[in-house]
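Q: Okay, here's the structure, questions in a sec.
The values are calculated or read from the model by the stated rules, or taken from the named source; none is laboratory data. Because the structure is a prediction, the values reported are computed rather than measured. Positions of Cβ are generated from backbone atoms using ideal geometry, with glycine treated the same way; all protein chains shown enter the neighbour counts. With ligands, DNA and RNA removed, areas are computed over all heavy atoms of the protein, side chains included. Shrake-Rupley method; radii C 1.70, N 1.55, O 1.52, S 1.80 Å.
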Amino acid sequence: MNKETGKKSLSELTRSLPDYVNSGKIIKSDIYPIDQILSGGLELGSFVQFIAESGVGKTTIALGLSNVLCDKDYNVLYIDAEKSVSREILETTGVNNFVGRNFFLVKESEFSTVEDVLDKFISTDEINFVIIDSLAALINSCFTNITSKKDKKSIMTSNTSYNSVPLTKFMDKYKAIAGSKKICFILINQYRNKINMKTGATDKAYGSKNTIYNCDAVIKIVPASTYKEKEFYDLTKDVENGKSLVFEIFKSNKLKPGFSVPAFLRYGKGLICRWNYLYQLIKLDAIRKNGSYYSLFYEGEEIKAQGIISFVKELEIKGLMTLEILEELISEYEPINVLEEEI
């Protein structure tokens, strides 16, 4: 500091500022498709939006992710705006074990009430993740015959819609708070059909310009059977109690739009990583497919079976279906394939 003027030097001012460059901590979810599509995991301070059609399994995915984050001792505030989260799905996804400890479920859909809840929880400085399921279910109180107090400051106005002023202000406010408080907001949303006035065709709308602009990543979730990952769908189509999906980048600050990762969703459970690992091992030619037969050489022994279900059962008998061993196999084969490509 200059003793004569009392002004701080540039280096002193720089040291007094937060470390903006390295402040975004990446939290690995250990859920393969989510970590892959988000370049390593969920970044604290970011806004991430997952969009899918009704019935795809967005709530199951969100609760399965909540279970993993709570198991890692992070605090999750879950806004159930659709009021569809049941005791049964809390139990099947494992989140029930964390309710009241570090998983906090709130069933509210009015902007003013949700705003109050968020502000109170965030003021504790202990919330790490906020999940809103879903944006499309948030509504203005004028539609529910509930009025707010006259002296209460709110982001409310007298109208609400997909591109409403309340939603725009909501996004602007909590995007700023997320960055300053280092909270990751995970937003669940739905497609909206939009008529193209020029062609008359029905297009998919992925949210208002503001919701897309404020998000660091927007991820589409679509069925694998109707997508370019049909090979993954063929691998998992005979598996019971689940469905194959594809996570695709619509917008990202890290990856190009169109980058996709296949995922297998177990009904009521969440995303199952081992099918992604099996698919990757097949792509790496570690698991070889000859007609309907699958085979894998492991420690000098060939494990072989007809059909993917029988093959997986053989791997389970041999104790090879753990994520640790599958990851180990991937790490063994990936360097070889990369080297061969470079040569």
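Q: Step by step: first the residues of the range 85-107, then only those that are touching a residue at least 40 places away in the same chain (Cβ under 8 Å) and open to solvent by 20 Å² or more (accessible area, probe 1.4 Å), then the one that is farthest from Lys269 (Cα to Cα). Which residue is that?
A: Ranking the qualifying residues of the range 85-107, first place goes to Glu88.
Q: To continue, here is another question. Kindly establish whether Leu245 is among the hydrophobic types (A, V, I, L, M, F, W, C) and surrounded by 19 or more Cβ atoms within 10 Å (Cβ to Cβ).
A: Details: among the hydrophobic types (A, V, I, L, M, F, W, C): yes; surrounded by 19 or more Cβ atoms within 10 Å (Cβ to Cβ): yes.
Yes, satisfied.
Q: Ok, one more. Tell me which of these Lys283 doesn't satisfy, since it passes every other one: (1) open to solvent by less than 30 Å² (accessible area, probe 1.4 Å); (2) closer than 15 Å to Tyr233 by Cα.
A: Every condition holds for Lys283 apart from (1).
Q: (1) at pLDDT 65 or above; (2) touching a strand residue (DSSP E or B) at 6+ places or on another chain (Cβ under 9 Å): which one isn't true of Lys181, the others all being true?
A: (2)
Q: Can you tell me how many residues in the range 223-241 are open to solvent by less than 20 Å² (accessible area, probe 1.4 Å) and within 21 Å of the chain's Cα centre (by Cα)?
A: Taking the range 223-241 and keeping what is open to solvent by less than 20 Å² (accessible area, probe 1.4 Å), we get 224, 232, 235-236, 239.
Of the ones still in play, those that are also within 21 Å of the chain's Cα centre (by Cα) are 224, 232.
Looking only at that region, the number is 2.
Q: Among the residues of the range 286-310, which ones are within 17 Å of Asp234 (Cβ to Cβ) and either acidic (Asp, Glu) or part of a helix (DSSP H, G or I) (or both)?
A: Result: Ile308, Ile309, Ser310.
Q: If you check Gly258, Gly268, which single one turns out to be small (Gly, Ala, Ser), assigned to a loop (DSSP other than H, G, I, E, B), more than 18 Å from Leu65 (Cβ to Cβ) and open to solvent by 10 Å² or more (accessible area, probe 1.4 Å)?
A: Only one candidate qualifies: Gly258.
Q: While we're looking at this one, here's another question. Please go through the range 115-151 and pick out each residue that is touching an Asp or Glu at 6+ places or on another chain (Cβ under 8 Å) and either in a strand (DSSP E or B) or at pLDDT below 95 (or both).
A: Taking the range 115-151 as the starting set, the residues that turn out to be touching an Asp or Glu at 6+ places or on another chain (Cβ under 8 Å) are 117, 133-134, 137-141, 144, 146.
Hits for the range 115-151 are Asp133, Ser134, Ala137, Leu138, Ile139, Asn140, Ser141, Thr144, Ile146.
Q: Just to be sure, is Ile325 in a helix (DSSP H, G or I) and within 28 Å of Pro223 (Cβ to Cβ)?
A: Judged against the criteria, Ile325 is not a match.
Q: While we're here: Could you please give the count of residues in the range 28-49 that are closer than 20 Å to Asn214 by Cα and assigned to a loop (DSSP other than H, G, I, E, B)?
A: The number of residues fulfilling the criteria is 6.
Q: Identify, by number, the condition in (1) at negative phi; (2) open to solvent by 40 Å² or more (accessible area, probe 1.4 Å) that Glu299 doesn't meet.
A: Glu299 satisfies every listed condition except (1).
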